[in-house]
Amino acid sequence: MYANAALQQRMKHLDISQAELAKLINSEVEELTGTMGHVTDADVRRWLRGDTKWPQERIRLCIEKVLQASATDLGFVMRGKQRSASPEGDVRRRRFVSATGGTALAVVAPTGRRLGLSDIDRFHQEYIRILEDDWRIGGLDGVETHAAELALRIQSALSSGTTSSGVRKRLHRLASDVTSSAAFAAIDAKSHRRARTHLEKAVTFAGLSGDSETQYHVWNHLAMTACQREDFSEGVAAAEVMKSLTISRRDPLYVSLGHMRNARSLAKMNQPSSTIRALVAAEKSFSRAEAGERPEWIAFYDQSEVYGLGASIWFTLGQYDRAEALFHQTLGSIQPTMIRNRALYTTHLALSQACQGELELACSTSLKAYEMFPSGSGSKRTTDMLGKVRRVLQSSGSKSPEVTEWVERSHQWT
């Protein structure tokens, strides 16, 4: 008999072996986060022996889903420190609830518990931390997973609690924004399949919210994933949807970003005239936008980002000198909190310099970009751009000591 008799009995009741349980949990982790889990039968034995008394949250949620029982009912024991730190003891109880085929996992609040503004605020504060982590370190697995887990908790709270229609819509809006953050982390990690999976869920939440700005947020990321997949016609179509939404008719800032996404796709389709018209429209719309209260996610789209996106478009059109000048303006005005974006645009600057034959300068700039990387950064967009710089330097055939040393050293980075 194992120390965790409750877990052992539940597995026996459902006729699930240790290896089968690990496999089922890994499948649920993939459904939750977009990435296959790494649970093994050895992990299951540690749970059974009581060596691991309280698994990580995403693993615990998936255990509950597979075994259709709460963690505490399965013999897991919350660590004393966590128990005392949690002001909401009732949230510790989790169990399956059947909904549309029995596939929804719910965090069970007391029966009839009514969700209100305090719940929105609690979830929203966690969402802000996710945004800050994304701005700082980029597409790290932990950022994506945290966002996916938070969206699940919001959905679970909605499934198990009662609320007014207004609060429900605000929670659906928040669930969509959080899921869009998971998608953006996947975009930054250049994992467009995971991003697409997240966005399919975000579309549903956005529709339930009935909010135009929330729908815009999702379509913004759909435009980006289309470009990553090199489906530029879909990118143009997504940008057109962005511009057609009610929020764009009310606020020129949103029109501007829609034109900018459109210009990006058109540039990739080698349509310079249409690209420049869209870029000019983006800049004019941005100049008409007034300061005001907007959702946190769009804080990135300021004057520095207009410079940066414009520079990327001019680079795609082959005007490297113009792109370089705009990248300098980007880096001179970017917000201090946008650490990942500063590193990313610095690599863009290095590439524009390399393409103009300024090889030693490109080496120096790209080294600065690498040194900006925060520990644990998951921005594959940035490391891939460093790889492009290296390929340009290699193809130049330069034997300059600065270039050859940089090329050799950069293999450790990308």
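Every number here is computed from the coordinates shown, using simple stated rules; none is lab data. Nothing here was measured: the structure is a model prediction, and the numbers come from that model. Heads up, the Cβs are rebuilt from the backbone with ideal geometry, glycines too, and the neighbour counts pull from every protein chain shown.
Mind ranking 228-234, 247-253 by how tightly packed they are, going by the mean number of other C-beta atoms within 10 angstrom, highest first?
Taking the mean over residues of other Cβ atoms within 10 Å, the ranking is 247-253, 228-234.
Across region 397-408, in residue order, what do the Karplus-derived ³J(HN,Hα) couplings come to in whole Hz, using 6.51 cos²θ - 1.76 cosθ + 1.60 with θ = phi - 60° and x for Gly and Pro?
Along region 397-408, the couplings run x, 5, 9, 4, x, 4, 6, 5, 5, 5, 4, 5 Hz.
Can you give me the three principal axis dimensions of region 174-278 from its C-alpha atoms, in Å, biggest first?
Per principal axis, max minus min of the Cα coordinates gives 39, 33, 16 Å.
PRE reach from residue 129 (point 7 Å along Cα→Cβ): which of region 10-37 fall under 17 Å by backbone N?
Taking a point 7 Å out along Cα→Cβ of residue 129, no residue of region 10-37 has its backbone N under 17 Å.
Count charges around residue 3 for me, please; just the other residues with Cβ under 9 Å from its Cβ, Lys/Arg as +1, Asp/Glu as -1.
That sum, taken over residues with Cβ under 9 Å, equals 0.
Taking H placed 1.01 Å from N in the peptide plane, check which residues at least 5 places from residue 162 or on another chain put their amide H under 5 Å from its amide H.
Under 5 Å from the amide H of residue 162 lie the amide H atoms of 113, 114, 115, each far enough along the sequence or on another chain.
Less than 12 Å Cβ to Cβ from residue 330, Lys/Arg counted +1 and Asp/Glu -1: what total charge do the surrounding residues give?
-2
Calculate the dipole size of the chain relative to its Cα centre from +1 charges on Lys and Arg beta carbons and -1 charges on Asp and Glu beta carbons; express the result in debye to the nearest 20.
In debye, rounded to 20, the chain gives about 940.
If we count other beta carbons within 10 Å of each Cβ, what is the order of 300, 205, fewest first?
300, 205
I need the phi-derived Karplus couplings for region 34-46: 6.51 cos²θ - 1.76 cosθ + 1.60, θ = phi - 60°, integer Hz, Gly and Pro marked x.
Residue by residue, region 34-46 yields x, 10, 4, x, 10, 6, 10, 5, 5, 5, 4, 5, 5 Hz.
What order do you get for 177, 51 when you list them from fewest to most C-beta neighbours inside 10 Å?
Ordered from fewest to most neighbouring Cβ atoms within 10 Å, 177, 51 come out as 51, 177.
Let's see if you can work this out: charge +1 on each Lys and Arg Cβ, -1 on each Asp and Glu Cβ, no other charges. What is the dipole magnitude of region 1-61 about its Cα centre, in debye to the nearest 20?
320 debye
Just how far, in whole angstrom, is region 236-314 from region 319-390 if you go by their alpha carbon centroids?
One Cα centre to the other: 22 Å.
Dipole magnitude of region 109-208 about its Cα centre, charges +1 at Lys/Arg Cβ and -1 at Asp/Glu Cβ only, in debye to the nearest 20?
420 debye
Nearest 10 degrees, 0 to 90: what angle lies between the long axis of helix 380-396 and the longest principal axis of the chain (Cα atoms)?
The two axes meet at around 30 degrees.
Can you spot the lysines whose alpha carbon is less than 30 Å from residue 388's alpha carbon? Ignore those fewer than 8 places along the same chain.
Candidates past the 8-residue exclusion: 190, 268, 368, 380, 399.
Applying the Karplus parametrisation 6.51 cos²θ - 1.76 cosθ + 1.60 with θ = phi - 60° to the phi angles of region 236-244, what ³J(HN,Hα) value in whole Hz is obtained for each residue in order, glycine and proline being reported as x?
With coefficients 6.51, -1.76 and 1.60, one gets 5, 4, 5, 5, 5, 5, 3, 6, 8 Hz.
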